[in-house]
Each structure stands twice: as structure tokens, then as C-alpha cells.
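So the structure is just underneath, and the comments pick up after that.
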Amino acid sequence: MKLAIISHTEHYKLPDGTIVGWGPTISELNHLAQDFDEIYHLAFLHPEMPPPSSLPYTSSKIKFIPMKPLGGKGIGEKLKIIANVPSVINSVNKVLQQVDVFQLRTPTGIGVFLIPYLSLFSKKKGWYKYAGNWNQDKPPFGYALQRWMLKKQHRKVTINGGWPQQESHCISFENPCLTGEERLIGLQITNAKVFKPPYTFCFVGRLEDAKGVQRIIDAFGSLENKKNVNTIHFIGNGEKMKVYKKQCEELQLPAVFHGFLDRAQVFEIYKKSHFLMLPSTASEGFPKVIAEAMNFGCLPIVSSVSSITQYVNSSNGFVVDPCTADALRELVLDILKIEENVLKVKASKAYKVAKDFTFENYRHRIKTEILKKSTP
């Protein structure tokens, strides 16, 4: 069986000609390659040098089909999408002729026209993946439109979380991020982790206010006594990185800004951290970093956005509610008073949650719940 993946995943070309792309998606395809004769990935090729989080394909079964990058902020960028509709559809048709089944990854700028095009004009078997917040009250117009169209068509749609009155063709699906070997290592790390102050905290993601970076800095900056805070790791990049770094220096916070790191380096920080912080108000689906951290006994401190609290609760982590700097500060103060054995139990339960986020589980569900039931 041959599969086409249609996405907006960022790809780059190294000086030696090697194609690399956004790590989480590339890892997913590398594992899916075990179950297909060929995978064609139609996605965007950017001219810049790649961030360290990018990865190469490891299977010769995967064929990358480049497209010019489309989308972005501003009316000019939106108009470029409209102008390139014929070109994108032509590229999609060429790939579909070579495969048995497709997956369109949404929400994305090209999804606005590809969802109706594929739904109305293609008889090819396939399914859609919606990576955003399926239950968002006021999503951006493009997201809302794509979600509405996906609810109204008949192909399978994989979504984050489970929701009241969920359409029968919309399947709650965990996004994969862990191997079987990483589960075994995670168990060892979780069992050996010692929860005694001073604690190490980490944040992984885009460095922006919506993701909670400013809330983290404000919360820790307002602590009268910081002796129980060993290190705050910030992994990722963003336009405000220099601003955040300066604030931490002025507040004398023990913060380390790593920028982008590769997957192995991020996992090493999970291993030595006690808590992952993601007090986000952004449009999240279910951030993979939460499952990754939980696998290594790193307790999540999260908001109640989207499906996050369907996996994280008071038994295996902490929920900031309301999602403010003051509430986060009070929660951190409460955490510092919790006994080690209580945190150890929470970490053990957090580790068990991560079992659903393995590549093996994902591949099994694709084969049994999607491919056997995908209809044109």
C-alpha cells in the first residue's frame, strides 16, 4: 500500500543536499514507513537553514515532494495562497495518482481549499488529521472553517481529545512521540527521580506570551525566596527571546535559554527536570511535550486548554486555573510544600499516561481504525 501525506510541514535542504524537516512529523513518518510500500510527503521546502529540531528521513520508502512555502501573516501572504491554488491542486493530483490512500494534515492555509476539493472531487481513500483545538470556542476564521468542513464530510478525521456530541467519523487519537525503548528508559528515570528541593523546571515550545513564558517569568520573579528553584530551562525560540532573557537576568532568575535543541537533548533535560511548565492560552491540540515529559517522570504544570486536562489532573500533575501569573505563583508555592512520596506517586501515574503516545500504538490504530475503514 502506498500513502500520500499532504501537509505544511517545514522542510529544508542541508549543504550536502540532505532534506530535513520538522522533527515530530518526520519521526512519525519514519515509523509509519514500516507499514507502507511507499510514502509520498507533499510539503513546503524553505530556503533557510534548518533549526536543530529538524530531522532527516531514515527510510528510502519516503519520497519528499517539495512545494513553495505558502501562508503566513498579513493579507499579502493570504493572497499568495489564492494565487497558488491551481498549482497546489495540480501537485496534489499528481501525487494521488501514485498512491492508494492519503492523509491531509490540518489546520493549514492550503486546507481551506484542499478539504472541499478532496471531499468533492477525489474518490481516493483517505483521512484527515486535525492537530488544533477541536473544541475551541472562537478559533481563527480559517481554523473554524476547516473544522466545520471536516465535521460535514464522511472520511475519517483524527482529533485531539474526546468531546460531547462528537461526530461518529471523528476519532479521538493520541499523537505519537515515544518509542518502546524510550518507554523503558523513562521507567528507570521515573523510578530513580528524587523529588527534593531545589527543583528543576523546564518549558519546551515557542517562546511567546500565549504559550505562557511571560506568566512563568512573572510567577517566579515574584517569589520572595528562590532558594528552592534550582534551574528554569527554556527550550525553543521566538521573537521575544531576548526580552525574556533580559527580564530573567534583571529578576536574578536561574534561567537557561537553550534555543532549539534536537530531540535527544530535549529528552536529557526532561530526565533531570522535576516539572514541565506549559501554562498556555494558545490554540493547543495536545502538545506532545507533555507526554514526552510525563514519560520521564517530569510532572506537568499545565493549563486547561483543549484536551490537556483529559490526560493531566491532580493525580498525575497540576493544572493552573485560572491561567495567570498569580495563580501559577501560588501553585508553585503549594508544590514546594508537597512531600516527596506524594510527588513520586504522581510521577509514577504520569508515566503510565504516556503509554498511549507510543509510535507502536499509533501505527496499530492507523491500521485497525483508519486504513480498514477509510472510504472514498
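The values are calculated or read from the model by the stated rules, or taken from the named source; none is laboratory data. Just so it is clear, the model here is predicted, and its values are computed rather than measured. Using ideal geometry, Cβ is built from the backbone for each residue, glycine included, and neighbour counts are taken over all protein chains shown. Note: accessible area is taken over every heavy atom of the protein model, side chains too, but ligands, DNA and RNA are not part of it. Shrake-Rupley method; radii C 1.70, N 1.55, O 1.52, S 1.80 Å.
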Worksheet item: Within the set of pairs 6 or more residues apart or between chains, which connect a residue that is within 27 Å of residue 368 (Cβ to Cβ) inside segment 17-36 to a residue that is part of a helix (DSSP H, G or I) and among the hydroxyl-bearing types (Ser, Thr, Tyr) with Cβ atoms less than 9 Å apart?
Response: 28/362; 31/362; 32/362
Practice prompt. Would you check if there is a residue in segment 343-355 being β-branched (Val, Ile, Thr), within 17 Å of residue 196 (Cα to Cα) and either at pLDDT below 95 or part of a loop (DSSP other than H, G, I, E, B) (or both)?
Written response: no
Discussion item. Step by step: first the residues of segment 124-139, then only those that are within 14 Å of residue 284 (Cβ to Cβ) and not hydrophobic (A, V, I, L, M, F, W, C), then the one that is surrounded by the fewest Cβ atoms within 10 Å (Cβ to Cβ). Which residue is that?
Written reply: 137
Worksheet, complete the sentence: residue 169 fails exactly one of (1) without any contact (Cβ under 8 Å) to a residue 24 or more places away in the chain; (2) surrounded by fewer than 16 Cβ atoms within 10 Å (Cβ to Cβ); (3) of a type outside the set (Asp, Glu), namely (2)
Worksheet item: Of 360, 369, 340, which residue is open to solvent by 50 Å² or more (accessible area, probe 1.4 Å), closer than 30 Å to residue 155 by Cα and touching a Phe, Trp or Tyr at 6+ places or on another chain (Cβ under 9 Å)?
Response: 369
Worksheet item: Limited to segment 294-319, what total is found for residues that are open to solvent by 10 Å² or more (accessible area, probe 1.4 Å), over 20 Å from residue 355 (Cβ atoms) and either part of a strand (DSSP E or B) or of a type in the set (Val, Ile, Thr) (or both)?
Response: 3
Discussion item. Looking for something part of a strand (DSSP E or B) and crowded, with 21+ Cβ neighbours inside 10 Å - is there at least one such residue anywhere in segment 81-102?
Written reply: yes
Worksheet item: Of these, 25, 108, 58, which one is open to solvent by 40 Å² or more (accessible area, probe 1.4 Å), closer than 27 Å to residue 237 by Cβ and either among the β-branched types (Val, Ile, Thr) or outside any helix (DSSP H, G or I) (or both)?
Response: 58
